[in-house]
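This report concerns only the one structure given below.
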Amino acid sequence: MKAPTEEVRAEKLKETHAVIQHLEEVFFKCSNGKAFFGGDSVGYVDLALGCFLPWFGALRKLFGVEIIDAAKNPHLTAWAERFRKTEVVKVVLPEPDKAVECHKKLQVKWATAAAAAAK
């Protein structure tokens, strides 16, 4: 979100996809074919990664990038769908549009800070 150029954004996206691919492999191994990282129910790792899902959706809306790609990360894609459908997550996890709104506010803050630093 803070990448100053398309080239920098592309490099950051490449790095992110490498990490996501690693998470895909870890999920496959750790879940033992179950729904979540730790088994049949949402656990700590699910919560830690799940908190990023609105931001992943915001990146899709803002920049047209897919962080968890269904073709490359089928296990994480299925996990994300299951995670979003859990009752607690439905109540507390914001929709990507809320993250987009937050991003717009952050852009103003970053621009103001950059202008102040330039003085």
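The values are calculated or read from the model by the stated rules, or taken from the named source; none is laboratory data. All figures in this text were calculated on a predicted structure; none of them were measured in a lab. Please note: Cβ atoms are built from the backbone with ideal geometry, for glycine as well, and neighbour counts cover all protein chains shown. Quick note on the areas: whole protein, heavy atoms, side chains included, nothing else; ligands and nucleic acids left out. Shrake-Rupley method; radii C 1.70, N 1.55, O 1.52, S 1.80 Å.
Here V91 meets the list (1) touching a residue at least 40 places away in the same chain (Cβ under 8 Å); (2) of a type in the set (A, V, I, L, M); (3) surrounded by fewer than 13 Cβ atoms within 10 Å (Cβ to Cβ) almost entirely, failing just condition (1). Could you tell me whether A99 is of a type in the set (G, A, S), in contact (Cβ under 8 Å) with a residue 40 or more places away in the chain and under 28 Å from S41 (Cβ atoms)? It is true that A99 is of a type in the set (G, A, S), in contact (Cβ under 8 Å) with a residue 40 or more places away in the chain and under 28 Å from S41 (Cβ atoms).
In the range 1-98, counting only helices (runs of 4 or more DSSP H) that sit wholly within it, the ones holding 1 or more residues that are touching a Cys at 6+ places or on another chain (Cβ under 9 Å) span 44-50, 53-63. Residue check: is A58 within 24 Å of E11 (Cα to Cα) and in contact with a His (Cβ under 7 Å, 6 or more places away or on another chain)? Here the answer is yes, as A58 does meet what is asked. The set of residues in the range 78-103 that are modelled with pLDDT of 90 or more and charged (D, E, K, R) comprises E81, R82, R84, K85, E87, D97, K98, E101. The residue that is farthest from R60 (Cα to Cα), among those in the range 1-23 that are open to solvent by 90 Å² or more (accessible area, probe 1.4 Å) and modelled with pLDDT under 90, is P4.
Considering the range 24-45, the residues that are touching a helix residue (DSSP H, G or I) at 6+ places or on another chain (Cβ under 6 Å) and under 24 Å from V92 (Cα atoms) include one that is surrounded by the most Cβ atoms within 10 Å (Cβ to Cβ), namely F37.
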